[in-house]
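Student: One structure, pasted below without further comment.
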């Protein structure tokens, strides 16, 4: 434990940057688009989400990515109804990286 136990209790912002923000920046920097499961009904912050957004993930370097929110207008009940009736896996084969050619064909 390089920063000691319970870092979130002592330095919450640093903990979030270290555990969430920096790994996300690293991952997004190698992608052309990011497909999410964001829904407007999840929170007041997400209420303004759009299907397509330009997400600036590294403001210091001016790096952005196309953020695709296909479920933005769905409710929690609609998502679970789809999962129950679609016979698609909840996780696994449906959750892969797409390359640029796959995105262009959507």
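Student: What number of residues in the stretch 23-45 are surrounded by 12 or more Cβ atoms within 10 Å (Cβ to Cβ), more than 12 Å from the chain's Cα centre (by Cα) and part of a helix (DSSP H, G or I)?
Tutor: Adding up the residues that qualify gives 3.
Student: Read through the list (1) modelled with pLDDT under 80; (2) in the same structural domain as residue 3 (by TED's automatic domain parsing), then give the number of the only condition that residue 90 fails.
Tutor: With respect to (1) modelled with pLDDT under 80; (2) in the same structural domain as residue 3 (by TED's automatic domain parsing), residue 90 is out only on (2).
The values are calculated or read from the model by the stated rules, or taken from the named source; none is laboratory data. Please read all numbers here as calculations on a predicted model, not as lab measurements. Cβ atoms come from the backbone with ideal geometry, glycine included; neighbour counts cover every protein chain shown.
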